[in-house]
1. Are there strands (runs of 3 or more DSSP E) fully within segment 263-349 with at least 3 residues that are at pLDDT 95 or above and out of contact with any helix residue (DSSP H, G or I) (no Cβ under 8 Å at 6 or more places or on another chain)? List them.
2. So which of 25, 4, 17 ends up being buried (at least 18 other Cβ atoms within 10 Å of the Cβ), touching a helix residue (DSSP H, G or I) at 6+ places or on another chain (Cβ under 9 Å) and at pLDDT 95 or above?
3. Could you please find all residues in segment 197-217 being assigned to a helix (DSSP H, G or I) and surrounded by 22 or more Cβ atoms within 10 Å (Cβ to Cβ)?
4. Among the listed residues 272, 254, 240, which satisfies the condition of being more than 13 Å from the chain's Cα centre (by Cα) and more than 22 Å from residue 332 (Cα to Cα)?
5. Does residue 381 meet the test of being under 21 Å from residue 227 (Cα atoms) and touching a helix residue (DSSP H, G or I) at 6+ places or on another chain (Cβ under 9 Å)?
6. Take the residues in segment 231-246 that are free of Cβ contacts under 8 Å to residues at least 60 places away in the same chain and assigned to a loop (DSSP other than H, G, I, E, B), then tell me which one is surrounded by the most Cβ atoms within 10 Å (Cβ to Cβ).
7. If you check 378, 349, 328, which single one turns out to be crowded, with 17+ Cβ neighbours inside 10 Å and farther than 30 Å from residue 46 by Cβ?
């Protein structure tokens, strides 16, 4: 299965681009379009009521909007039961209980499990994912690695503590001792998310595509998000510059806006020399409904197969220089002051802005120490040597 993830800052037209992508690909391959953004808008775009189950849009094209409450119940079945037991003596109605069990920040995590479920079912040839804003998407895609680290280290300690003292705490506080199956469920969830993360990091299966606008603020956010995607090892192969002013406003009273936008288009193309950059201009009317979307697809992408990979460049690589091993990551928009690299046990921890990635070093690097790190030629270079 081919997986395409569309993301970008809020309000740049991600859902429209996702709809156009799925329509384009469905001309050749059986395609499923899903929205993992809690602010679903695919139903409005297609003018068709979508649910948590695939709805047929047209030949070869299906769509759904993920319901986090349903996915939460499937993911946390035993934890759900445990928490329901804790609150059964409180005067909470069913809706309040459902809200309690949908833990803040985990709504998007449950949507990841839906992607894994769809991938394993193998009913579709292409999956197009309409994601939320860039920062949320990056946190979402990196959840598997984080939870897997937690499952490997913290959960065994908590489980042991519960085994030794859980009964005592239950007697003293009337807080029921959780069963081992609750902890096992968490570990199972972490393993599933980690399994999916490997699929999403596979450059032969998955690519991330950014939707942006030609403004300095939005394009800068896209550049930072691209750098973070590189840090986590996800492939970006395409960028859509959306909502461009039409050329008709050139030499008018809006000429300054047009010229400023052209400068930002040049910046975006310069930042992504090895990736496909599509330019999409504003329409006179809002594009709603399958007929309008199909017409726009023909206008923009009629001779393009959007299921293709538009780059084969590696953004995360390990090279040899003499006796040294060097980890190289494309870090084009970062400065040395914004980056920190540490060795923690057998793990490497990378920090950029407010994000951290911690992952196990491969066997070829596990016995080496960090000699130095710096940003050179728009790449983060981490030099690792023996003591």
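1. Filter on segment 263-349 gives 324-330, 339-344.
2. It is 4.
3. The answer is 197, 200.
4. Exactly one of 272, 254, 240 is more than 13 Å from the chain's Cα centre (by Cα) and more than 22 Å from residue 332 (Cα to Cα), namely 254.
5. Taking the combined requirement at face value, the residue does not satisfy it.
6. Looking at residues that are free of Cβ contacts under 8 Å to residues at least 60 places away in the same chain and assigned to a loop (DSSP other than H, G, I, E, B), I get 245.
7. Working: 378 fails: crowded, with 17+ Cβ neighbours inside 10 Å; 349 fails: crowded, with 17+ Cβ neighbours inside 10 Å.
When all the criteria are applied, what remains is 328.
The values are calculated or read from the model by the stated rules, or taken from the named source; none is laboratory data. Here the structure is a predicted model, which is why all the values come from computation and not from measurement. With ideal geometry, Cβ positions are generated from the backbone for all residues, glycine too; neighbour counts draw on all protein chains shown.
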